[in-house]
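Chemist: Mind having a look at this structure? Questions to follow.
Read-outs: derived from the displayed coordinates by stated rules, not from any lab. None of these values were measured; they are calculated from a predicted model. All Cβ positions, even for glycine, are placed from backbone atoms using ideal geometry, and neighbour counts span all protein chains on display.
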Amino acid sequence: MNIMLITGASSGIGKAFAQYADGRYRGIDEIWLIARRKDALESLANSLKTPCKIFAMDLTDAAAMGRFREILSIASPRIRILVNAAGLGYLGTCDSIPLEDQCHEISLNVTALTEMTTICLPFLGKGSRVIQMASAASFLPQPLFAVYAATKAYVLFYSKALAEEVRKKGIIITSVCPGPVDTPFFDLAEKYAASRLIKVLFRISPEKVVKCAFLASKRQKTVCVPGVSMKLFAVACKFLPHGLFMPFLR
Ligand SMILES: NC(=O)c1ccc[n+]([C@@H]2O[C@H](COP(=O)([O-])OP(=O)(O)OC[C@H]3O[C@@H](n4cnc5c(N)ncnc54)[C@H](OP(=O)(O)O)[C@@H]3O)[C@@H](O)[C@H]2O)c1
């Protein structure tokens, strides 16, 4: 059985991946949808033409991840597309965000993404694609978004290295690095501090992110930066000293 597996499928970009892929990719027998909110996953599953399996689970819960690993090994599907979209971030200074929230952010963005990618590896084969949701925040350290930017730098570096390791097997890994995207992400992100105006003005739609991501993955790109302004930002971060950006980010 050929499947597409999406984490963070109950909302925003993960949900948009499921909606975009639905019926578009021949050879996908089932879409597996993962997030904590069962009702949101059920209503998405009911709206799709492709048969879905839903897994209402907390990706930061080791026991739940262990159970999912067992399900994978029993079902032994061929994973054609894996999308790791579950993630969160808190805006604010490091001393204003409670330590447990910072650790939870690392646990979801870094540990859970690494675990899910690793347990899926045996089920990926020639032509399989992995799409990792990183962020433009991975391009440089970000005061007032410090932990988030650091977790996304991890996602980018980890995924670029893994892409080289699995290239010979015909597996394509693409890290997607959008700037601000118009999703419920900011409802939680703004729990301790408001977004700067620039993060509001430059928001793009999740559908645009998904289209760019699929195109980049089809072209076997390792990194995808949706939108012209973020492409320019990526180039600037590569060639200019990061210290130049700090006063603006602060
Ligand atoms: N929005 C942006 O501006 C932006 C920009 C660049 C990159 N990104 C990245 O894109 C990805 C998707 O973000 P989004 O904008 O779509 O945010 P979103 O709308 O808030 O979606 C986040 C998803 O993650 C799931 N999730 C959160 N905690 C979870 C947990 N412990 N276990 C399982 N699932 C969990 C949520 O579902 P439940 O609540 O149901 O669990 C939801 O489906 C994230 O990795 C984010 O960092 C976002």
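Chemist: Rank R36, R219, R80 by mean-square fluctuation in a GNM of the chain with C-alpha springs under 10 angstrom and give only the top-ranked residue.
Modeler: Highest fluctuation of the listed residues: R219.
Chemist: Further question: I need E207, E164, E105 ordered by Cβ neighbour count within 10 Å, fewest first. Could you put the intermediate results ahead of the total?
Modeler: Details: E207 15, E164 10, E105 21.
Going from least to most buried by this count: E164, E207, E105.
Chemist: Where does each of I13, I119, I172 land when they are ranked from fewest to most other beta-carbon atoms within 10 angstrom? Numbers along the way, then the final one.
Modeler: Numbers: I13 26, I119 16, I172 22.
Lowest count first: I119, I172, I13.
Chemist: Then there is this: Using Cβ contacts closer than 10 Å as the measure, can you line up S217, S135, S96 from fewest to most? Don't skip to the answer; put the middle values down first.
Modeler: Numbers: S217 20, S135 27, S96 11.
Going from least to most buried by this count: S96, S217, S135.
Chemist: Choose one of I54, T93, I31: the residue whose Cα lies farthest towards the positive end of the charge dipole of region 30-132 (beta-carbon charges +1 Lys, Arg; -1 Asp, Glu; about the Cα centre).
Modeler: It is I31.
Chemist: So, one more: So if I place +1 on the C-beta of Lys and Arg and -1 on the C-beta of Asp and Glu, and nothing else carries charge, what would the dipole magnitude of the chain be about its Cα centre? I want it in debye, nearest 20. Can you show the working numbers first?
Modeler: On the way: 31 positive and 19 negative charges, 251 e Å.
The dipole of the chain has a size of about 1200 debye.
Chemist: Still on this structure, please answer the following. Which entries in the list K160/K199; K169/K199; K53/K231; K38/K191; K152/K191 go over 29 Å, if you measure between the two C-alpha atoms of each? Mind dumping the intermediate values first?
Modeler: Numbers: K160/K199 26 Å; K169/K199 39 Å; K53/K231 36 Å; K38/K191 23 Å; K152/K191 19 Å.
Violating the 29 Å limit, Cα to Cα: K169/K199; K53/K231.
Chemist: If you don't mind, another one. Could you check how many percent of all C-alpha pairs in the chain are farther apart than 32 Å? Write down the numbers at each step before the final one.
Modeler: Working: 5276 of 31125 pairs.
Cα-Cα pairs in the chain separated by more than 32 Å: 17 percent.
Chemist: A 22 angstrom limit on the alpha carbon distance is what I want to check against. Which of K49/K221; K49/K126; K15/K49 exceed it?
Modeler: Working: K49/K221 29 Å; K49/K126 26 Å; K15/K49 14 Å.
Cα-Cα > 22 Å for K49/K221; K49/K126; rest within.
Chemist: Continuing with this model, one more query. Rounded to whole Å and sorted largest first, what semi-axes of the equivalent ellipsoid does the C-alpha gyration tensor of region 12-89 yield via the square root of 5 times each eigenvalue? Please list the in-between numbers first.
Modeler: On the way: eigenvalues 78, 53, 27 Å².
Ellipsoid semi-axes (Å, largest first): 20, 16, 12.
Chemist: Kindly point out which whole DSSP H helices in the chain project their C-alpha atoms 27 angstrom or further along the helix axis while averaging a Kyte-Doolittle hydropathy of -1.0 or above.
Modeler: Values: long enough: 146-166 (30 Å, 0.65).
Membrane-span-like by this criterion, though nothing is claimed about a membrane: 146-166.
Chemist: What number, rounded to the nearest 500 deg cm²/dmol, is the helix-based mean residue ellipticity at 222 nm of the chain, given -39500 (n - 2.57) per DSSP H run of at least four residues and division by all its residues? Don't jump to the answer; show the numbers that get you there.
Modeler: On the way: 11 runs with 110 residues, N = 250.
One gets -13000 deg cm²/dmol as the mean residue ellipticity at 222 nm.
Chemist: Could you give the length gained on full extension between R67 and I106, defined as 0.36 nm per residue of separation minus the Cα-Cα distance, in nm?
Modeler: Working: separation 39, 0.36 × 39 = 14.04 nm, distance 2.14 nm.
Here the answer is 11.9 nm.
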